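Contents: one structure, followed by commentary.
All of the numbers you see were taken from the coordinates with simple rules; none came from a lab. Being a predicted model, the structure only gives us computed values, none of them experimental. Note that each Cβ is placed from the backbone with ideal geometry, even for glycine, and that neighbours are counted across all protein chains shown.
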Amino acid sequence: MTETTEPIKRRSFLGVAVASLLALAGGFVALLAGGFLYPVRKKKGKPIFVCQLSQVPKGSTRTILDPAKRKVILIHTKEGELLALSTTCTHLGCTVFYRPEKRRFDCPCHQGVFDGKGNPISGPPKRPLERYPVQIRNGLVFVQFD
Ligand code: FES
């Protein structure tokens, strides 16, 4: 038996290289399209214990930190509603301050104002402050941050 060794011709090598690159590009496009058509659902995290209910009595507030160490304010209204709101302004990210006497948040950067539930009421912010679900179990307060 004789084995023939034929040198690879430049033209055929380029053809294979171009075809390989096109196949890679096609695979990449298919991957992007697949991610668009079938997005991966983000798994919700578990509620995190933040404090005892007795530490935030009706009519008071308490500042807590989310897992990324951003400030979140717990507001226990006189009516008994418990809210957890981000203190990051939805305009450009400054820290808002809660003013309990007016039941509103003020943003010092561009005079944005949010009501006591975090809804924008004046100034540049158009979106409400991020609000996190709160659960109370056996006198303990849990917040679901994601
Ligand atoms: S960053 Fe809050 S109003 Fe602009």
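A few comments on the model shown:
- Using alpha-carbon coordinates, inclination of helix 10-37 to the longest axis of the chain, degrees: 20 degrees
- Mean separation of Cα pairs under 8 Å and 6 or more residues apart, divided by the residue count, gives the chain a relative contact order of 20 percent.
- Across all directions, the average projected area of the convex hull around the alpha carbons of the stretch 56-121 is 4.4 nm².
- Projecting the Cα atoms of T77, A33, P108 onto the dipole axis of the chain, where Lys and Arg carry +1 and Asp and Glu carry -1 at the beta carbon, places T77 farthest toward the positive end.
- FRET efficiency for Q111 and T63, using Cβ-Cβ distance with R0 set to 25 Å, rounded to 0.05: 0.65
- Set against the 2.2 N^0.38 Å expectation for a compact globular protein, the stretch 90-146 has a Cα radius of gyration ratio of 1.28.
- The fewest-to-most ranking of C94, C107 by surrounding Cβ atoms within 10 Å reads C94, C107.
- Qualifying trypsin sites (Lys or Arg not before Pro) in the stretch 86-122, DSSP loop, other Cβ atoms within 10 Å at most 12: K102
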